[in-house]
Amino acid sequence: MSDVPEVSPTETWQALNEDPRAMLVDVRTDAEWTYVGMPDLSATGKPVVPIAWQLFPSMAVNPGFVEALREAGLTPEHRLYFLCRSGARSLAAARMARAAGFAHVFNIRDGFEGPLDGEGHRRTVSGWITAGLPWRQR
C-alpha cells in the first residue's frame, strides 16, 4: 500500500464536484496535454492545474514543481488530486508536494489513460478516460 492515498478517477470526480478545496493537478508533459488530451472540469467550475512533473524531452524532474504549485494559488488547505498517464509520476509528485507542506494529497489510481492491456494498448483497462469522465483534446 502506498504512503499517499490512492483514489479512483470516479472518486476524484466526486470530490471535485463536492469539495470546494479539491483541485486536480495534471502532472503530465505539455506534449501529453496537447496530443493526448486533458480532463474537462468545466462542469465543476474548476480549472485543471497543469504542472509538469518532468520536463519534456529530457524527462528531468521539474526543479520548480513545488513553486509552480504555489504560483497556481494552491495552499496547504487545498486537497490536491494528482494525475498522470498511469499513476506513477503523479505518486512521485504527490510525495514531493506533501514533503513541501501540502498535507492533503491524493494519487489518482491508473491516471488519465490507465495501464497497458494484454495487447499493449492504453484506454481499455481503467483510468480517467475509461471511466467515462469528461475530457477534451486541446
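The values are calculated or read from the model by the stated rules, or taken from the named source; none is laboratory data. Keep in mind that what you see is a predicted model, and the values were worked out from it rather than measured. Here the Cβ is made from the backbone with ideal geometry for all residues, glycine too, and neighbour counts use every protein chain on show.
Annotations for the structure displayed:
- For segment 20-30, the criterion of a residue being out of contact with any strand residue (DSSP E or B) (no Cβ under 6 Å at 6 or more places or on another chain), at pLDDT 95 or above and more than 14 Å from SER90 (Cα to Cα) is satisfied by at least one position.
- Total residues in segment 46-73, condition at pLDDT 95 or above and in contact with a Ser or Thr (Cβ under 8 Å, 6 or more places away or on another chain): 3
- Screening TRP128, TRP135 for residues that are touching a strand residue (DSSP E or B) at 6+ places or on another chain (Cβ under 7 Å) and surrounded by fewer than 20 Cβ atoms within 10 Å (Cβ to Cβ) leaves exactly one candidate, TRP135.
- Conditions (1) surrounded by 13 or more Cβ atoms within 10 Å (Cβ to Cβ); (2) over 13 Å from ASN107 (Cα atoms); (3) without any contact (Cβ under 8 Å) to a residue 40 or more places away in the chain; number of the one not met by LEU69: (3)
- For segment 74-81, the criterion of being touching a Gly at 6+ places or on another chain (Cβ under 6 Å) and either modelled with pLDDT of 95 or more or surrounded by fewer than 17 Cβ atoms within 10 Å (Cβ to Cβ) (or both) is met by at least one residue.
- Which numbered condition ALA103 fails, given (1) touching a Phe, Trp or Tyr at 6+ places or on another chain (Cβ under 9 Å); (2) more than 22 Å from MET59 (Cβ to Cβ): (1)
Residues are listed down the side, and each one gets a yes or a no for (1) surrounded by 21 or more Cβ atoms within 10 Å (Cβ to Cβ); (2) among the polar types (S, T, N, Q); (3) over 14 Å from the mean Cα position of the chain (by Cα):
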{"site": "ASP40", "(1), (2), (3)": "no, no, no"}
{"site": "TRP53", "(1), (2), (3)": "yes, no, no"}
{"site": "SER58", "(1), (2), (3)": "no, yes, yes"}
{"site": "ASN62", "(1), (2), (3)": "no, yes, yes"}
{"site": "ARG85", "(1), (2), (3)": "yes, no, no"}
{"site": "ALA93", "(1), (2), (3)": "yes, no, no"}
{"site": "PHE102", "(1), (2), (3)": "yes, no, yes"}
{"site": "ASN107", "(1), (2), (3)": "yes, yes, no"}
{"site": "LEU116", "(1), (2), (3)": "no, no, yes"}
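- Any pair with Cβ under 7 angstrom, 6 or more apart, that starts in segment 15-27 at a residue that is free of Cβ contacts under 8 Å to residues at least 40 places away in the same chain and ends at one that is surrounded by fewer than 24 Cβ atoms within 10 Å (Cβ to Cβ): ASN17/THR44
- Subset tally (residues that are farther than 28 Å from PRO63 by Cβ and touching a Leu at 6+ places or on another chain (Cβ under 9 Å)) for segment 17-42: 1
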